[in-house]
Each structure stands twice: as structure tokens, then as C-alpha cells.
Amino acid sequence: MTTAPTTLVIGATGTTGSRTAAQLTAGGHRVRAASRRATPVDGTEHVPFDWYDPATHAAALDGVDRVYLIPPVGDSDPAATMLPFLRGARAAGVRRAVLLSSSAIPEGGPAVGKVHQALPGLFEQWAVLRPSWFMQNFTGTHAHALSIRDEGVIRTATGTGRVGFVDAEDIAAVAVRALTDEQAPDTDLVLTGPEALGHDDIATIITEVTGRRVVHHRLSYEEMRERLTTQVPVEFAAMLAGMDRAIAEGAEDRVTGTVHRLTGRPPRTFRSLLERETRSPSS
Ligand SMILES: NC(=O)c1ccc[n+]([C@@H]2O[C@H](COP(=O)([O-])OP(=O)(O)OC[C@H]3O[C@@H](n4cnc5c(N)ncnc54)[C@H](OP(=O)(O)O)[C@@H]3O)[C@@H](O)[C@H]2O)c1
């Protein structure tokens with residue numbers, strides 16, 4: 001008798017991992033949900049997992065044949081942490097790996113770009129998801145969401161630059177396809193929502209849907225970097241401010257048809273996400 005495939009979802013308490021675990025389970029797939037804290041996703045088996053504690057790795061991989069990978073948060077060299085685990089995963093029988101990267105990071109680029117580059121050599125079936133900025137940055141626990149709630153303000157150095165913001169539910173829907181379709185994508189996938197919006201547009205939509213006035217404060221690159229330095233290490237602050245500057249210069253002003261092509265339905269708009277959350281704040 002063959003056992004049904006089991007997917008290990010790393011980062012299963014996070015923004016995309018929790019949604020991927022929930023959608024896999026809803027589709028009848030077996031999920032092992034990995035994180036340091038216990039996961040709230042119903043119908044999954046939880047396994048304690050810490051990227052920095054190899055003693056947790058073997059039990060997480062036992063009986064697993066595919067993995068969804070969230071890199072260790074805030075690690076400037078995730079390849080050093082992830083590649084030994086991924087070699088162990090392949091040796092343990094994992095055949096398919098789906099990695100969450102970013103639209104801003106190409107194959108071979110900094111940080112997770114090195115893991116992206118190594119993935120095809122490690123697994124016969126693979127995908128790298130490269131989403132644009134998440135819509136949930138304005139509704140969850142991200143710094144933008146907090147300043148919107150506390151002060152009615154979004155602060156960026158993006159100027160009038162536009163971004164193809166994407167709903168994490170749509171990222172998860174693509175992850176499910178990449179993990180479970182008979183044929184794996186075996187490529188990288190740039191994921192966006194249906195329209196590119198500036199942060200002025202985001203502030204306007206929030207104001208219109210919630211009835212509470214929100215404004216976009218345009219900062220210079222230097223002002224943004226100084227502000228972030230009070231919250232994160234200085235190199236990371238410079239990198240984040242640099243991403244804003246790239247947006248101002250047009251680097252993220254694009255939309256792709258990938259969500260529609262893989263899931264069979266168009267990606268959700270920011271307005272409809274907000275309307276959904278305003279009706280049902282926990283959704
Ligand atoms: N936000 C955006 O706009 C955006 C855009 C493109 C790409 N991204 C990428 O998205 C990634 C984050 O994904 P996400 O938003 O789905 O996750 P997230 O919400 O940031 O959550 C991180 C997850 O990783 C787990 N985790 C943290 N440290 C861990 C460790 N040492 N060992 C094992 N698990 C650990 C956390 O659970 P525990 O704390 O319970 O362990 C949690 O489940 C980042 O790599 C970022 O670059 C973000």
C-alpha cells in the first residue's frame with residue numbers, strides 16, 4: 001500500500017505558510033506544519049522545527065516527500081543555514097521543494113537568491129515563488145499596518161513608484177499548485193496582484209473602505225534609512241530603504257498573469273481584500 005504524500009510546511013505560523021497549510025488541508029492533502037511555536041492550523045500535524053537547531057530536522061523530514069520553504073527570518077546568509085538542511089531533505093526522500101523568495105531577488109542574487117540558484121541541482125521537482133510586496137503588509141502586524149492603525153500614516157521612500165501588491169491567499173494558492181500538480185513548475189514564478197498601485201493609492205483605498213483617513217508620507221531614502229535604523233540593524237535598514245528607492249525608480253511597476261494561469265482565477269484586488277477583512281477581521 002502506498003502512503004499519501006506528506007508536505008512539510010516550514011513557517012507554518014507565518015503569513016504565507018499558514019495559508020498554504022490551510023489550503024493544502026482543505027484540498028485533502030496531508031500536511032506536517034513546522035515552526036518553533038505550535039501552529040493553529042486545523043487538520044495539520046505540528047512538528048517543532050528550528051532552522052538553527054539541526055536536532056529538530058530529522059523528525060520533521062520523516063515520511064515527507066515535498067517541502068514548502070520559508071527562509072530563516074532576518075538571516076543575512078540563509079544559504080549557509082538552508083543548504084545543509086536541503087541536502088539532508090533530499091537524502092531523506094524529499095523529491096519536490098517550493099521556495100518562497102521575492103520579486104526583488106533574482107536567481108543568484110543576495111540572500112535567498114543563492115538558495116534559488118542551488119534548488120534545481122538538489123531536487124528533480126522544484127519551484128521558486130517570487131511574489132511582489134504582500135497586501136497583508138497593510139493589514140497584519142507589519143510596521144505599515146501598525147502605523148496605519150496607530151497614526152493613520154504610511155511612511156515610505158517609494159515616492160510615486162507603483163507595486164504589483166499581491167494577496168498572501170493568492171501566493172498560497174500558487175504554492176498549493178506548485179506542490180501538488182503532477183508536473184512541478186521547475187522554474188521561478190513572479191507573482192503579483194491584478195494592478196500596480198502606489199502607496200498614495202493604497203492610502204486612498206484604505207480611507208475609502210474603512211472610513212478612516214490614512215495618508216502616505218513620502219520620505220527621502222536617507223530619512224527612511226534613519227527611521228528604520230531605530231528598529232533593525234543598520235545594514236538591514238539600508239537594504240529596506242534601498243528597496244523603497246528601487247520602487248520609486250519603477251523596479252516593481254509590473255503585473256504578471258501567473259496567479260491566474262496557475263490557479264485558474266484572477267488575483268484579488270487590494271480593495272476586495274480590505275472589504276473582506278472589514279466584514280470579517282479574522283479572515
Ligand atoms: N512581506 C512582503 O511584502 C514580502 C514580499 C516578498 C517576499 N517576502 C518574503 O517572505 C518571507 C516571509 O514569509 P512569510 O511572510 O510567509 O512568513 P512570516 O509571516 O514572516 O513568518 C515567518 C515564519 O517562519 C517561522 N520561523 C521564524 N524563525 C524561524 C526559525 N529560526 N526556524 C523555523 N521557523 C522559523 C515563524 O514561526 P515561529 O516563529 O513559530 O518559528 C513563522 O511561521 C521573507 O523571506 C520575505 O523576504 C515578503
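The values are calculated or read from the model by the stated rules, or taken from the named source; none is laboratory data. Model, not experiment: these values are computed from the prediction. Note: ideal-geometry Cβ built from the backbone for every residue, glycine included; neighbour counts use all protein chains shown. Each accessible area value is taken on the protein alone, full model and side chains, heavy atoms only, with ligands, DNA and RNA left out. Shrake-Rupley method; radii C 1.70, N 1.55, O 1.52, S 1.80 Å.
A few points about this structure:
- Tally of residues being at pLDDT 95 or above and either more than 16 Å from Val166 (Cβ to Cβ) or of a type in the set (Phe, Trp, Tyr) (or both) across the range 128-142: 3
- Among the conditions (1) modelled with pLDDT under 95; (2) part of a strand (DSSP E or B), the only one that Asp188 does not satisfy is (1).
- Screening the candidates Arg177, Arg155 for the property of being among the charged types (D, E, K, R), open to solvent by 60 Å² or more (accessible area, probe 1.4 Å) and touching a residue at least 24 places away in the same chain (Cβ under 8 Å) yields one hit, Arg177.
- Strands (runs of 3 or more DSSP E) enclosed by the range 1-107 - at least 3 residues per element that are touching a residue at least 40 places away in the same chain (Cβ under 8 Å) and either among the polar types (S, T, N, Q) or open to solvent by less than 30 Å² (accessible area, probe 1.4 Å) (or both): 6-10, 66-69, 96-100
- Qualifying residue in the range 144-152 (condition: touching a Leu at 6+ places or on another chain (Cβ under 8 Å) and β-branched (Val, Ile, Thr)): no
- Check on Glu195, more than 14 Å from the ligand (Cβ to nearest atom) and not polar (S, T, N, Q): yes
- Set side by side, the residues Arg155, Arg162, Arg149 differ, and just one is among the charged types (D, E, K, R) and under 26 Å from Ser18 (Cβ atoms), which is Arg149.
- Applying the set (1) farther than 12 Å from Leu8 by Cα; (2) within 10 Å of the ligand (Cβ to nearest atom) to Leu69 leaves exactly one unmet item: (1).
- Entirely in the range 202-265, the helices (runs of 4 or more DSSP H) that have 1 or more residues that are within 30 Å of Gln183 (Cα to Cα) and hydroxyl-bearing (Ser, Thr, Tyr): 258-263
- Residues located in the range 108-151, provided they are of a type in the set (Lys, Arg) and either in contact (Cβ under 8 Å) with a residue 40 or more places away in the chain or near the ligand (Cβ under 10 Å from one of its atoms) (or both): Arg130
- Going through (1) closer than 18 Å to Thr16 by Cβ; (2) out of contact with any strand residue (DSSP E or B) (no Cβ under 9 Å at 6 or more places or on another chain) one by one, His57 falls short only on (1).
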